[in-house]
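All remarks here apply to the structure that follows.
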Amino acid sequence: MKVRNIYLFVVLFLMGFENLNFPGDVPEGSERTSKTLIVNGDFEQPHWQYAYGQPWRDEMKSTGMYAVPGEKIMVTVPVDVLNKGVKVLIGVHLDDLSRKENPKRDPIVTARKELVKEDVRKISRNMASIEFHNKYGGLIYMLIPTGSTLGDFEVTVSNAVKAPHFVLGEMTNEEWIEEHSKNPAPWAELETSKMILTLRSTHVRNMEDPIRLMEFWDRVLDADADLAGFDRESRARAERIAIDDEISMGWMHSGYPMMAYTEGVAANLVNYERLSTQGDWGFFHELGHNHQWMDWVLDGTTETSCNLFSIYVLEKVVGMEDGGHSAISPEAREERRRKHFENGAKLENWNVWVALETMLMVKEAFGWEPYTRMFQRYMTFTTRPKDNFEKIDWFVKYLSMETEHNLAPFFEYWGVPVSDSVENELKDYPVFENYFFSQ
Ligand SMILES: [Zn+2]
């Protein structure tokens, strides 16, 4: 390449390949303002076994403020908070799209900065101010590292634009409508102590009853806690679902935040009528992933046991009895069983929906409680299964103990091998009978 061509390439690269329109500019004339809030700097890491929920990530504390693309914001915190791993983050869209072809937005659109002494611009009465900007702009968060014990501290965010930010328990529907819903930032958040939704402001501008919506989401999260077997109020942090124009993988994915597409999905996140009558399999499925404990996730069942959570939420919160997904209609289930046994009931085929069939049959015979009690049992273990066969052994053994039935012959019938020693341990329980055995 000639020197002039390289120069041209660099200019084109700098000018032409950046798309600064996402997450987007603020409307012309939007007031730059400041906001002071109290942030809780205590954050105990969620258990690492909930790995699909990215428990190692810093907790994101919403400020309800939006940084204008390319404009400096000022963040002011107590001097004591400096050099403690606390960061400021601009932008919620953390998925890196570098590996995607022609992504709808630039691959990396967020920016973060650790609050350290060297960067302080001014100190006044023990409060230190640090400047920061992101050329893409975005919602502003304080990031609290895992293990932090800073307690409550005051944060002031200046030279930013207010975002529509609903917080359950802190405002009425009327206050939302009159004071918050019309805030100029292009992205909005709806928050409870258990769940935080991030999406374009256009989806919430005309929302009249965010209380009803967010109480619904709290019930979803409570149902997940109930099935997973932990106290509803014991979450280390709220879960998050954020909407993006493009995400790193899948139609949605689990994590912190869980991510989902704008197109065809975002509106459903805040559609109470739809959620409360038909639920949303996709969101409930991803939330299910965030509640999977690694040691009871057998090989091939990552996309299985998360669906126990979707089905549980659809049943308990939405009131649907038929499972809420065409893949688990009675006909589809019958067909799936037939095929699995026709194909010789092989372990390699025992995954996703097939494995769900096995797990659902246990639920249908004994209810949800044995699962919850088994999940609770796992939380007390101090050792770990060494491989997938031992994982299977544990799963069958403890589910058998909780149902007070010997499930080993049933699992083996499905092609899931149980060791002789576990079979022997379970031999005094009555064998779990079902129509397969009587055929
Ligand atoms: Zn999944």
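The values are calculated or read from the model by the stated rules, or taken from the named source; none is laboratory data. Since the model is a prediction, treat every value here as computed from it, not as a measurement. Note that we place each Cβ from the backbone using ideal geometry, even for glycine, and neighbour counts take in every protein chain shown.
Kindly indicate whether any position in segment 73-91 is of a type in the set (D, E, K, R), closer than 24 Å to residue 245 by Cβ and in contact (Cβ under 8 Å) with a residue 40 or more places away in the chain. Within segment 73-91, not a single residue is of a type in the set (D, E, K, R), closer than 24 Å to residue 245 by Cβ and in contact (Cβ under 8 Å) with a residue 40 or more places away in the chain.
Does residue 57 meet the test of being under 27 Å from residue 232 (Cβ atoms), among the charged types (D, E, K, R) and not in a strand (DSSP E or B)? So residue 57 fits the description; yes. Of the strands (runs of 3 or more DSSP E) lying entirely inside segment 64-159, those containing at least 1 residues that are among the aromatic types (Phe, Trp, Tyr) are 127-132, 138-144. Within segment 281-318, the residues that satisfy the criterion of being acidic (Asp, Glu) and touching a helix residue (DSSP H, G or I) at 6+ places or on another chain (Cβ under 7 Å) are 295, 299, 303. Within segment 182-211, residues that are of a type in the set (Asp, Glu) have Cβ atoms under 9 Å from residues that are modelled with pLDDT under 95 and assigned to a strand (DSSP E or B) in no pair, counting only partners at least 6 apart in sequence or on another chain. Among residues that are without any contact (Cβ under 8 Å) to a residue 12 or more places away in the chain and not in a strand (DSSP E or B), residue 28 is included. For residue 359, the conditions (1) surrounded by fewer than 18 Cβ atoms within 10 Å (Cβ to Cβ); (2) in a helix (DSSP H, G or I); (3) over 20 Å from the mean Cα position of the chain (by Cα) all hold with the exception of (1).
Remark: residue 67 matches the filter, which requires a residue to be more than 22 Å from the chain's Cα centre (by Cα) and either buried (at least 18 other Cβ atoms within 10 Å of the Cβ) or closer than 14 Å to residue 255 by Cα (or both).
With respect to the conditions (1) under 22 Å from the mean Cα position of the chain (by Cα); (2) in contact (Cβ under 8 Å) with a residue 40 or more places away in the chain; (3) under 13 Å from residue 64 (Cα atoms), residue 160 falls short on a single one, namely (1).
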